[in-house]
Amino acid sequence: MIALLSLASGCVDGDPDRIGSPQGGDPQDDGVWVVPDDSPDAGGGSPDMGLGDALVGEPEPGEPEPGGPEPGGPEPGEPEPGEPEPGEPDAPGPGALPPGSRCACDADCADQGGQAGVCVTGICMIRASDPCASQGSAAECPDGLRCWPIRNQGNAPVCWPDCEAFACEGTCDGDGSCAPGEAMNCDAACGELCTGDGTDRPCGADNPSGYCDEGAFCEGGRCTGLCSPEHPAGICGQGFECQNGACVPLEGCGTWECDLGQACDDIVPVPGVLDPQDPAAVAAGYYIDTRREYAYLRRDLVMLLQWSTCQMRERFPEIGPLGLADLTQADGRIPGSDVGNTRHPSGTHDGSDLDLAYYQTDGLSDAQIICGDGSDDNPNGTRGRYNDGEFCTTEQNIVDIEQQVFFMALMAQHPGWRIVGIDVTLADDVEEEVARLRSSGVISPVVRDRLQSLGYGRAGGWQFHHHHIHVSYFD
Ligand SMILES: [Zn+2]
């Protein structure tokens with residue numbers, strides 16, 4: 001009971017014992033359940049070496065994920081007559097939207113009575129035939145609209161639709177006119193009386209910076225969602241296909257290299273399922289072994305992770321999915337920040353750190369203590385049979401070192417590789433396997449060098465990596 005309680009609190013709190021990281025290491029980590037935290041640090045860091053060589057095979061997929069879209073448009077506030085924006089009258093709009101409609105560009109708005117439509121701060125209006133004879137004058141406007149100049153746009157005279165005459169997608173002001181809502185605007189690039197930059201109108205071929213529904217992002221003028229149950233036709237990385245809301249490898253594993261420019265640095269949700277038995281988890285080669293809220297990551301690293309787990313399946317066909325422990329939150333803050341109780345040391349888990357389970361010999365690669373026969377389940381800081389609450393106390397463990405190191409070599413293809421934190425008792429095993437892979441030509445010298453950047457032991461602040469590894473990349 002006590003153990004269970006403390007276990008639970010360990011997880012949640014995550015921070016039972018974390019010692020900072022002294023010098024070289026970086027702290028990190030976390031905890032999933034049993035656990036912990038990691039601590040990595042930079043200390044010894046690994047430079048990045050040039051690119052290198054690849055490991056084995058071919059890459060596969062990763063998939064991008066969606067960024068954050070932006071929600072729909074603005075909402076109505078209230079307008080005031082007279083102060084929209086101006087423009088000068090001119091060309092008629094070929095659009096189809098009647099006065100009072102929401103618009104993004106002048107071209108969206110229909111002409112009325114031979115006078116040109118114009119988008120005023122997000123609402124279709126009509127250009128007046130002459131300067132307004134008086135506030136609210138009807139003489140310069142088609143039926144159902146009245147004239148007011150738009151002060152901050154050079155007093156451009158515009159015919160405002162009467163709410164009684166037209167359906168209003170803005171807000172009705174005190175004069176009974178349909179005015180733009182407070183948050184409304186339209187794109188200055190295509191609307192003379194607009195001041196927006198395009199982010200307040202929908203994503204489109206002519207507006208690559210527009211918004212999309214939640215869960216999707218505007219890419220190349222098209223709203224694209226990450227493949228998920230909500231976006232069953234969403235996007236996956238190269239080499240993957242969205243099937244029933246999950247990314248499934250087509251053939252090969254695509255590539256880990258992100259070519260989306262700055263979007264590669266976006267923090268995105270890692271697609272995936274929570275159940276390791278789910279066929280989608282088996283297909284992907286991983287499952288989410290933490291709260292979904294803590295499974296966000298930099299897009300390029302999502303691609304790398306997906307490519308790596310796909311490669312693992314190719315190399316070890318019978319392999320089970322790998323558990324993903326804490327990564328980062330959607331806002332790029334340390335998991336637990338959302339509830340005011342961070343689970344990892346500061347400076348970590350901001351989108352470029354991954355806590356991952358070890359590949360294990362017991363049939364389930366989840367975030368569990370791997371020391372001894374794998375039966376320990378004590379919380380951090382409390383001694384178990386095969387661990388002292390921080391490190392394994394025996395060389396025996398349930399890590400499949402061949403799979404584990406091969407996986408790390410895949411993850412080390414990324415030139416931003418910094419360090420991987422592991423349990424102190426595994427360092428020699430990892431080093432031996434790295435040397436073996438190098439001598440057999442499986443990994444390149446570059447990857448071999450990267451894998452020499454190992455974090456372990458108390459001196460580096462790497463306690464609590466007896467249940468997961470902590471992989472860190474440079475920002
Ligand atoms: Zn960590």
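Of note:
- Residue within the range 313-320 that is within 15 Å of the ligand (Cβ to nearest atom) and touching a residue at least 40 places away in the same chain (Cβ under 8 Å) present: no
- Between Val430, Val424, the distinction of being assigned by TED's automatic domain parsing to the domain that holds Arg299, under 22 Å from Asp366 (Cβ atoms) and touching a Cys at 6+ places or on another chain (Cβ under 8 Å) belongs to Val424 only.
- Qualifying residue in the range 436-447 (condition: within 25 Å of Thr382 (Cα to Cα), out of contact with any Cys (no Cβ under 8 Å at 6 or more places or on another chain) and among the hydroxyl-bearing types (Ser, Thr, Tyr)): no
- Selection from the range 157-204 of residues that are acidic (Asp, Glu) and touching a residue at least 60 places away in the same chain (Cβ under 8 Å): Glu169, Asp173, Asp175, Glu182, Asp187, Glu192, Asp200
- Qualifying positions in the range 274-305 - under 15 Å from Ser365 (Cβ atoms) and touching a Phe, Trp or Tyr at 6+ places or on another chain (Cβ under 8 Å): Leu274, Asp275, Pro276, Asp278, Ala281, Leu305
- Residue list for the range 337-350, filter: within 16 Å of the ligand (Cβ to nearest atom), at positive phi and surrounded by fewer than 24 Cβ atoms within 10 Å (Cβ to Cβ): Gly347
- Selection over the range 424-456 of residues that are touching a residue at least 60 places away in the same chain (Cβ under 8 Å) and of a type outside the set (A, V, I, L, M, F, W, C) gives a count of 7.
- Evaluation of Asp475 against (1) away from the ligand (no atom under 16 Å from the Cβ); (2) surrounded by fewer than 24 Cβ atoms within 10 Å (Cβ to Cβ); (3) assigned to a loop (DSSP other than H, G, I, E, B) (one fails), failing number: (1)
- Picking from residues in the range 291-336 that are part of a helix (DSSP H, G or I) and among the hydroxyl-bearing types (Ser, Thr, Tyr), the one that is surrounded by the fewest Cβ atoms within 10 Å (Cβ to Cβ) is Tyr294.
The values are calculated or read from the model by the stated rules, or taken from the named source; none is laboratory data. Bear in mind that the values here come from a model prediction, so they are computed numbers and not experimental data. Ideal geometry is used to build each Cβ from the backbone, glycine not excepted, and the neighbour counts take in all protein chains shown.
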